[in-house]
There are 2 protein chains.
Amino acid sequence: MSEVAPEPVVLAIMTAGSRPEIPPLDGVELRFAEPDQTAEALDGADALLVWNFNGTGLDAAWPRAGNLRWIHINSAGVDRIITPQIVDSKVVVTNARGVLNESIAEYVLALILAFAKDLPKTLTLQQAHTWQHRPTQRLRGTRALVIGPGAIGRAIGALLGRLSIAVDAVGRTDRAGDDVFGRVFAPAALPQVVGDYDFVVVAAPLTEATRGMISAEVIAAMSPAACLINVGRGPIVDEAALSSAVQSRAIRGAGLDVFENEPLEAASALWTDANVIVSPHMAGDFFGWEDELLNVFLDNLDRYRHRKPLRNVVDPSLGFVPHDTDEPPTHTDAAQPTPGVS
Amino acid sequence: MSEVAPEPVVLAIMTAGSRPEIPPLDGVELRFAEPDQTAEALDGADALLVWNFNGTGLDAAWPRAGNLRWIHINSAGVDRIITPQIVDSKVVVTNARGVLNESIAEYVLALILAFAKDLPKTLTLQQAHTWQHRPTQRLRGTRALVIGPGAIGRAIGALLGRLSIAVDAVGRTDRAGDDVFGRVFAPAALPQVVGDYDFVVVAAPLTEATRGMISAEVIAAMSPAACLINVGRGPIVDEAALSSAVQSRAIRGAGLDVFENEPLEAASALWTDANVIVSPHMAGDFFGWEDELLNVFLDNLDRYRHRKPLRNVVDPSLGFVPHDTDEPPTHTDAAQPTPGVS
């Protein structure tokens, strides 16, 4: 039997409207705080559950985080939560890696099929009761480039491959292919290779390395027949350049679930372009997703209390879980918070 | 070398606007006729290429079909072409089986994903510049029932299976499952089993056995969470009962590419229901599909001239190619027209 830590204090930062049903937790003091009440509630907290990924107030509250050893973030992307103080600290950060992979992959396929089969135009014609036959695109034999071959990117690549789409990726370094990706290019190759693809799918975390990666230059190098899909983070794409490219028909279309600013401003031209599909950052959120996300936290809480290695440990300086694959977590993903340091 | 038949007369029935580029055919007399000119052009014709599946005028022209030995129909469904005279004759009928399987399967998946991910509502909200997050359905673990486990139905089942959807079918007889379908029910079981499925996909040919198969009773037995997809033929479904069921929210939605009457009447309530997707009989028609369809005919024409067995031979009394699988044609699908009989 492993040693059990003394009763830890867990602070859950949640807006009242989105609070999940958390079962009774013996041996844990569970506190709740709204994101703007983090400072008062943080005193003495050993662990933090960040339920809403838009903000925590943790930056200003950091002086009260002296007991903090572990932060669990309830999403795959941690860019809005990680602060320089966290990077410089020994606080262990974990995330919800895995839960949303498959639903995000399905969502990407839904967008790709909507473009391929001209579904938005079908719905527009339907509103006018207009019967207008058009041939559409067959996906078999098309090519997709996934930006970000992590767990989500791999799930996307695997699913697209099952429709006989040829899938390559852009990762941190150039490497040979594997069972999902034909090959993986380094970011510097993007302007040279991006023009070969029918679908460019952004599934990367937002880091200093990916911010602005889909630049005006990269967009200009895309095929006029290509669509850009973004389920990663808005600031990875030059949104103004993308909007211009779609409006001028320099590219075929864009399916966007994330934006530079969310919610997307009502005045944005992206809302009105017939070749853009705008959705409100919902790609991965399937019915029951909050229960599955909670289970990931509860599993890690159990591990924390029994001093077992935690799952889905993020490297705060990278901004994601290293050695990120679609395999079950291994020892390389696990870490045990060191008591008493922050 | 096999024996070559004397120069055959091939009559291609095509509307002028949809005439494909046919390469020069040595040793073949190729005639063209509009569907309403069939009678005059039919005298002495050995073979008929029916390019437009909506009609041929062949019924009235039949007395002039004395030389006719072979009819090639440029679609998978032959219901609008086969006449009682053809059934009673020894004319060999072939179709375009295979060309559209994969594109139709992709189209079915596009409709299923549109419902699962609530895409029509996303587009409606987009028109209003409204950011409204909703969780949506994850397909993994859902269940689909394919009506018609022929070549197209198998392609649909195989594709849905690749998204971890559990797929069963309704065929002519009850039988155990195979590598695509968990099991295959006889039509009589439909009212008892249909309620277990999230997606009911009609991919059957229109025959006397399938006409009206998705009756008011079957629709009433569907799950309130289920969608009906029809890429087979309109008269297989009781369209009035379906329209009522969708309007009253007795079922979740319908994705319809085929209708009792085509084009769908402008006054039909199906156009206006937010939970119905109406498309104009285009599911299988991918860019380049006419070239691939022409190649199927040209391959059979070459076989005909060299007295080899034809591919995709339809049983006119059944209304489809028997032993229909997604495998390459075998001897069971092939037949050689008998010269001089009709």
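The values are calculated or read from the model by the stated rules, or taken from the named source; none is laboratory data. Everything numeric in this text was worked out from a predicted model, so none of it was measured. Virtual Cβ from ideal backbone geometry, glycine too; neighbours counted across all protein chains shown. Keep in mind that these areas ignore ligands, DNA and RNA; they rest on the heavy atoms of the full protein, side chains included. Shrake-Rupley method; radii C 1.70, N 1.55, O 1.52, S 1.80 Å.
Scan the stretch B:278-294 for residues that are more than 7 Å from chain A (Cβ to nearest Cβ) and not acidic (Asp, Glu) and jot them down.
Across the stretch B:278-294, the qualifying residues are B:ALA283, B:GLY284, B:GLY288, B:LEU293, B:LEU294.
Which numbered condition trips up A:THR136, out of (1) among the polar types (S, T, N, Q); (2) under 29 Å from B:THR124 (Cα atoms); (3) within 24 Å of the chain's Cα centre (by Cα)?
(3)
Determine whether B:ASP79 is open to solvent by 10 Å² or more (accessible area, probe 1.4 Å), more than 18 Å from the chain's Cα centre (by Cα) and farther than 21 Å from B:ALA144 by Cα.
For B:ASP79, the condition - open to solvent by 10 Å² or more (accessible area, probe 1.4 Å), more than 18 Å from the chain's Cα centre (by Cα) and farther than 21 Å from B:ALA144 by Cα - is not met.
Tell me yes or no: at least one residue of the stretch B:161-169 is at pLDDT 95 or above, touching a Pro at 6+ places or on another chain (Cβ under 7 Å) and away from every other protein chain (no Cβ under 14 Å).
Among the residues of the stretch B:161-169, at least one is at pLDDT 95 or above, touching a Pro at 6+ places or on another chain (Cβ under 7 Å) and away from every other protein chain (no Cβ under 14 Å), which makes the answer yes.
State the number of residues belonging to the stretch A:174-189 that are under 21 Å from the mean Cα position of the chain (by Cα) and under 14 Å from A:GLU217 (Cα atoms).
1
For the stretch A:149-160, enumerate the residues that are away from chain B (no Cβ under 14 Å), small (Gly, Ala, Ser) and open to solvent by 10 Å² or more (accessible area, probe 1.4 Å).
Hit for the stretch A:149-160 is A:GLY150, nothing else.
Give just the number: which of (1) assigned to a strand (DSSP E or B); (2) without any contact (Cβ under 8 Å) to a residue 40 or more places away in the chain; (3) not acidic (Asp, Glu) does B:VAL201 not satisfy?
B:VAL201 satisfies all of (1) assigned to a strand (DSSP E or B); (2) without any contact (Cβ under 8 Å) to a residue 40 or more places away in the chain; (3) not acidic (Asp, Glu) except (2).
Identify the residue in the stretch B:248-273 that is hydrophobic (A, V, I, L, M, F, W, C), in a loop (DSSP other than H, G, I, E, B) and facing chain A (nearest Cβ under 10 Å) and, among all such residues, is nearest to B:GLY98 (Cα to Cα).
This residue is B:PHE259.
Of all residues in the stretch A:48-65, which are closer than 30 Å to A:VAL258 by Cβ and surrounded by fewer than 17 Cβ atoms within 10 Å (Cβ to Cβ)?
Once the filter is applied, which keeps residues that are closer than 30 Å to A:VAL258 by Cβ and surrounded by fewer than 17 Cβ atoms within 10 Å (Cβ to Cβ), the stretch A:48-65 yields A:ASN54, A:GLY55, A:ASP59, A:ALA60.
What single numbered condition from (1) outside any strand (DSSP E or B); (2) in contact (Cβ under 8 Å) with a residue 12 or more places away in the chain; (3) open to solvent by 20 Å² or more (accessible area, probe 1.4 Å) fails to hold for A:ALA45?
(3)
Looking only at residues in the stretch B:313-328 that are part of a loop (DSSP other than H, G, I, E, B) and over 18 Å from B:ALA203 (Cα atoms), which one is modelled with the lowest pLDDT?
Only one residue fits best here, namely B:PRO328.
Of the residues B:SER103, B:SER75, which is within 18 Å of B:LEU293 (Cα to Cα), out of contact with any Cys (no Cβ under 8 Å at 6 or more places or on another chain) and either of a type in the set (Asp, Glu) or assigned to a helix (DSSP H, G or I) (or both)?
On inspection, the qualifying residue turns out to be B:SER103.
Of the residues that make up the stretch B:87-100, is at least one within 14 Å of chain A (Cβ to nearest Cβ), within 14 Å of the chain's Cα centre (by Cα), closer than 30 Å to B:HIS133 by Cβ and of a type in the set (A, V, I, L, M, F, W, C)?
No, the stretch B:87-100 contains no residue that is within 14 Å of chain A (Cβ to nearest Cβ), within 14 Å of the chain's Cα centre (by Cα), closer than 30 Å to B:HIS133 by Cβ and of a type in the set (A, V, I, L, M, F, W, C).
So which residues in the stretch A:138-191 are over 28 Å from B:ILE165 (Cβ atoms) and among the charged types (D, E, K, R)?
Across the stretch A:138-191, the qualifying residues are A:ARG172, A:ASP174, A:ARG175, A:ARG183.
Which pairs have Cβ atoms under 7 Å, sit 6 or more apart or on different chains, and link a residue in the stretch B:119-137 that is within 8 Å of chain A (Cβ to nearest Cβ) to one that is at pLDDT below 95 and part of a helix (DSSP H, G or I)?
Final answer for the pair search is B:PRO135/A:TRP289.
Pick from A:TRP51, A:TRP70, A:TRP62: which is out of contact with any His (no Cβ under 8 Å at 6 or more places or on another chain), under 25 Å from A:GLY98 (Cα atoms) and free of Cβ contacts under 8 Å to residues at least 60 places away in the same chain?
Sole residue among the options that is out of contact with any His (no Cβ under 8 Å at 6 or more places or on another chain), under 25 Å from A:GLY98 (Cα atoms) and free of Cβ contacts under 8 Å to residues at least 60 places away in the same chain: A:TRP51.
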